Amino acid sequence: MTLISAVHVQKQYQTGEVSVQALKDVSFEIDAASFVAFVGPSGSGKTTLLNMIGCLDKPTDGTLMVAGTDVATLDRKTGAAFRGDTIGFIFQDFNLLPVLTVYENVEYPLLMVQNVSHGDRRQRLAALLAAVGMTDQKDKYPDQLSGGQKQRVAIARALVTNPKLVLADEPTANLDHDTAYRVLDLMKKMRDEFRTTFIFSTHDPKIVNEAETIFTLEDGRIDDAKTKGGDSHGQSL
Ligand code: ADP
Ligand code: MG
């Protein structure tokens, strides 16, 4: 089942007199429960693309469908509701709230967007903390954790609302290599367990091969020759 389809997507930023074409005719499809990387150097358009898949921004041309919704049709309010129901985010710098414990950080999105009973919440939290191996650390505060532990908490937090899709913009950029591989393995395990689609961006060639589907972005375009396992412009290697 296709979860995301992009057809001739373009994005132009206009800052005063200066315009930047950040995405130039990008087309691809992503299936549900897949593990996908967008790879490319700094400035190639990775964040722009993830922001649009995450309904934080809109294409200036072309069509981007996410879980059956054309992102261009969303306004601020419907966009926020759609994100809350459908998408989890993992950030490069973890973005944990320093005044909340591990448990409270993971619980937070559930309190914001969904009407879940106290008992269900506790069960869900316990299962997720166990899945990311953070049960013993649940009462600690973020500044008592290592970078890898923080990112594991961020993964649990992204999954707590049971999203169809998790977006991670350079989630391993602030981790050493061993930890980066472990974090990606954990995301893959969570994909297997929950059938969540994971899409991450990276400019680190060493971790690229951890993905099953790789789209290579260069200067706002997908380079088909360097695309693996995905369906971009009808081609795949
Ligand atoms: P990456 O995440 O691959 O480093 P980005 O998507 O951040 O690439 O940027 C792609 C291009 O778009 C770059 O040339 C960048 O300078 C430009 N860009 C990104 N965001 C904005 C913005 N808000 N306003 C203007 N230009 C932007
Ligand atoms: Mg970026």
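The values are calculated or read from the model by the stated rules, or taken from the named source; none is laboratory data. Computed from a prediction, not measured in an experiment: that's the story for all the values here. Positions of Cβ are backbone-derived with ideal geometry, glycine not excepted, and every protein chain shown enters the neighbour counts. Surface areas here come from the heavy atoms of the whole protein model, side chains and all, with no ligands, DNA or RNA. Shrake-Rupley method; radii C 1.70, N 1.55, O 1.52, S 1.80 Å.
Side notes on the structure shown:
- Filter pass, D178 being of a type in the set (D, E) and within 30 Å of N115 (Cβ to Cβ): no
- Qualifying residue in segment 93-113 (condition: acidic (D, E), within 16 Å of ligand 1 (Cβ to nearest atom) and modelled with pLDDT under 95): yes
- Any pair with Cβ under 6 angstrom, 6 or more apart, that starts in segment 5-16 at a residue that is more than 18 Å from E29 (Cβ to Cβ) and ends at one that is modelled with pLDDT of 95 or more and open to solvent by 70 Å² or more (accessible area, probe 1.4 Å): K11/T60; Q12/T60; Y13/V20
- Only one of A156, A131 that is touching a residue at least 24 places away in the same chain (Cβ under 8 Å), touching a helix residue (DSSP H, G or I) at 6+ places or on another chain (Cβ under 7 Å), among the small types (G, A, S) and under 24 Å from V66 (Cβ atoms): A156
- Residue match in segment 61-69 (condition: modelled with pLDDT of 95 or more, more than 16 Å from ligand 1 (Cβ to nearest atom) and open to solvent by less than 20 Å² (accessible area, probe 1.4 Å)): yes
- Highlighted here are the strands (runs of 3 or more DSSP E) found entirely within segment 149-218 that include at least 2 residues which are surrounded by fewer than 22 Cβ atoms within 10 Å (Cβ to Cβ) and not hydroxyl-bearing (S, T, Y): 213-218.
- Residues that are open to solvent by less than 50 Å² (accessible area, probe 1.4 Å), under 15 Å from S42 (Cα atoms) and among the acidic types (D, E) within segment 219-229 are absent altogether.
- Within segment 34-45, not a single residue is without any contact (Cβ under 8 Å) to a residue 60 or more places away in the chain and open to solvent by less than 50 Å² (accessible area, probe 1.4 Å).
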